Amino acid sequence: MPKIRSVLFDIDGTLLDSFEFLYGAFEHAFDMHGIARMPRNEMRSYIGPPLEQVYAAMVPGCDAASMTEAHRQFQETHLDLIKLFPDTVFTLDELARRNIKLAAITTRSRRTSVRSLEVNHIATYFDIVLSAEDVSEHKPAPEPLIKALEAISMRAYEAIMVGDTSADILAGKNAGTKTAAALYGFGGGTLLELKPDYVIRELKELLDISFE
């Protein structure tokens, strides 16, 4: 089996506890547009694709671009709602000690993506951070992963994609990487249907995967 030498991470719900950050932004956009809020347990099934696609699916016929902008404006002023998962730093420290190259890939806008890593003091772990504006096709398309792998001089079979939504797992499969489903995030147990290579119920379990 080829050695895993790099980890590609989703950000929200995988590295960062951003539940209130995302749900709050959705609720703000609904309120600003006079639309009844969707229950959070229903919202979570939509999370993963680009925001305009999400809003178009949530509220057919809505002004998805306007709702996306309201969402992003809320997030720009509420970075304080983002927290680290308890074992994020421990896990990143250990991966760095093992000389594993790290990339972060998100469909969130660059307006908040890098800054959210910086304010939580983990930005320096990553060789590259790819955001919505950095690619033409988003997860589950393979483009973001391929672009990240090229930037860190790694091949797909040397990498594992770790994420908490179906878009993350499908992107890994489409790019030819291994996949690890983070069941503690937004997708939960529904990710098992996609048959990821690995399943983790907290981030530090990633360290139990063989990198040899």
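The values are calculated or read from the model by the stated rules, or taken from the named source; none is laboratory data. Predicted model only: the values in this text are computed from it and were never measured. Methodologically, a virtual Cβ is constructed for each residue, glycine included, from the backbone with ideal geometry; neighbour enumeration extends over all protein chains shown.
Summary of computed values
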| read-out | value |
| --- | --- |
| Hits in the stretch 75-93 (condition: closer than 24 Å to residue 56 by Cα and surrounded by 21 or more Cβ atoms within 10 Å (Cβ to Cβ)) | 75 |
| Contacts under 8 angstrom Cβ, first residue in the stretch 183-204 being over 21 Å from residue 159 (Cβ atoms) and hydroxyl-bearing (Ser, Thr, Tyr), partner at pLDDT 95 or above and outside any helix (DSSP H, G or I), 6 or more apart | 184/13; 184/85; 184/164; 184/200; 184/201; 184/202 |
| Residue in the stretch 197-204 that is crowded, with 24+ Cβ neighbours inside 10 Å and either within 18 Å of the chain's Cα centre (by Cα) or of a type in the set (A, V, I, L, M, F, W, C) (or both) present | yes |
| Among (1) at pLDDT 95 or above; (2) at negative phi; (3) out of contact with any Leu (no Cβ under 7 Å at 6 or more places or on another chain) - the single one residue 45 does not satisfy | (1) |
| Listing of helices (runs of 4 or more DSSP H) fully contained in the stretch 53-163 that carry 3 or more residues being more than 29 Å from residue 202 (Cβ to Cβ) | 64-76 |
| Criterion: farther than 25 Å from residue 134 by Cβ, out of contact with any Phe, Trp or Tyr (no Cβ under 8 Å at 6 or more places or on another chain) and hydroxyl-bearing (Ser, Thr, Tyr) - qualifying residue of 45, 113 | 45 |
| Any hit, the stretch 25-41, residues being modelled with pLDDT of 95 or more and within 24 Å of residue 200 (Cα to Cα) | yes |
| Among residues of the stretch 41-60, those that are exposed (fewer than 14 other Cβ atoms within 10 Å of the Cβ) and either touching a helix residue (DSSP H, G or I) at 6+ places or on another chain (Cβ under 8 Å) or among the small types (Gly, Ala, Ser) (or both), counted | 1 |
